[in-house]
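Notes follow the structure.
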Amino acid sequence: VSSIGFGAYRVEDGNSSHAEAMMMAMRSGVNLIDTSPSYGNSGSERMIGDVLRELEKEGISREEIVVSTKVGYIEGNDLEMARSAPPPDYLDMGPDAWHCIHPEFIRRSVDASAERLGTPPDVVLLHSPEFFLTSREGVFKEGGSKRSREELFDAFYDRVEKAFVCLEDLITSGMVGRYYGVSSSL
């Protein structure tokens, strides 16, 4: 993996300057791409898929490039779709965002990312799972009583463990290429 990567936080499909910048980076030896479905309302992943197909035509094989995406945030079009069929154990982060690392949501999210990218991602990171610790669901039990610190962290670690087991299964099945981990906002 190259010592520098291409971060696709502010890129989106339909912007030729973004695609050209990514192609230039890949042609120059950069082979790590970081993205997320929440970047550019999934436009980042769509653009990366388009660029990967163009690079293949130029002889830069997909196997030479490491694509890392994330799961967890639910925003934009993904949020609109999720509202019609909410995933289990999602966290309501406000009117414009939910967060979820439940295995059912992870599978759906990775499948959608692979479709947009045109390839399974090599790496999938849990996008800021620590939001559970500060969300209304994490801080308060039903009835309004506060959870103890131990209860809160036990619930957090249980959620992360279930997510990691799911990601292990996705690697075994070929839906995720190589690795998984955490991308934290803290």
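Considering Val66, Val124, which residue is in contact with a Leu (Cβ under 9 Å, 6 or more places away or on another chain), on the phi < 0 side of the Ramachandran plot and open to solvent by 10 Å² or more (accessible area, probe 1.4 Å)? Full working, then the answer.
Working: Val124 fails: open to solvent by 10 Å² or more (accessible area, probe 1.4 Å).
On inspection, the qualifying residue turns out to be Val66.
Using the structure shown, decide if Ile60 is open to solvent by less than 40 Å² (accessible area, probe 1.4 Å) and more than 20 Å from the chain's Cα centre (by Cα).
Details: open to solvent by less than 40 Å² (accessible area, probe 1.4 Å): yes; more than 20 Å from the chain's Cα centre (by Cα): yes.
When the stated conditions are applied, Ile60 passes them.
Return the only residue of Val51, Val1, Val66 being within 15 Å of the chain's Cα centre (by Cα), of a type in the set (A, V, I, L, M) and closer than 28 Å to Arg108 by Cα. Quick ask: steps written out before the conclusion?
Details: Val51 fails: within 15 Å of the chain's Cα centre (by Cα); Val1 fails: within 15 Å of the chain's Cα centre (by Cα).
Sole residue among the options that is within 15 Å of the chain's Cα centre (by Cα), of a type in the set (A, V, I, L, M) and closer than 28 Å to Arg108 by Cα: Val66.
From the list Ile74, Ile101, which residue is part of a strand (DSSP E or B) and touching a Cys at 6+ places or on another chain (Cβ under 9 Å)? Even if it seems obvious, please write down each step before you answer.
On the way: Ile101 fails: part of a strand (DSSP E or B).
Answer to the check: Ile74.
Are any residues in region 29-61 outside any helix (DSSP H, G or I) and among the hydroxyl-bearing types (Ser, Thr, Tyr), and if so, which ones? First the steps, then the outcome.
Of all residues in region 29-61, those outside any helix (DSSP H, G or I) come to 29-38, 58-61.
Answer for region 29-61, where residues must be outside any helix (DSSP H, G or I) and among the hydroxyl-bearing types (Ser, Thr, Tyr): Thr35, Ser36, Ser38, Ser61.
Here is a check on your reading of the model: is Glu75 open to solvent by 50 Å² or more (accessible area, probe 1.4 Å) and closer than 24 Å to Ser16 by Cβ?
On the way: open to solvent by 50 Å² or more (accessible area, probe 1.4 Å): yes; closer than 24 Å to Ser16 by Cβ: no.
For Glu75, the condition - open to solvent by 50 Å² or more (accessible area, probe 1.4 Å) and closer than 24 Å to Ser16 by Cβ - is not met.
The values are calculated or read from the model by the stated rules, or taken from the named source; none is laboratory data. Since we're looking at a predicted model, the values are computed, not measured. Quick reminder, even Gly has a Cβ in these numbers, built from the backbone with ideal geometry, and neighbours come from all protein chains shown. Side chains included, ligands, DNA and RNA excluded: accessible areas come from the protein's heavy atoms. Shrake-Rupley method; radii C 1.70, N 1.55, O 1.52, S 1.80 Å.
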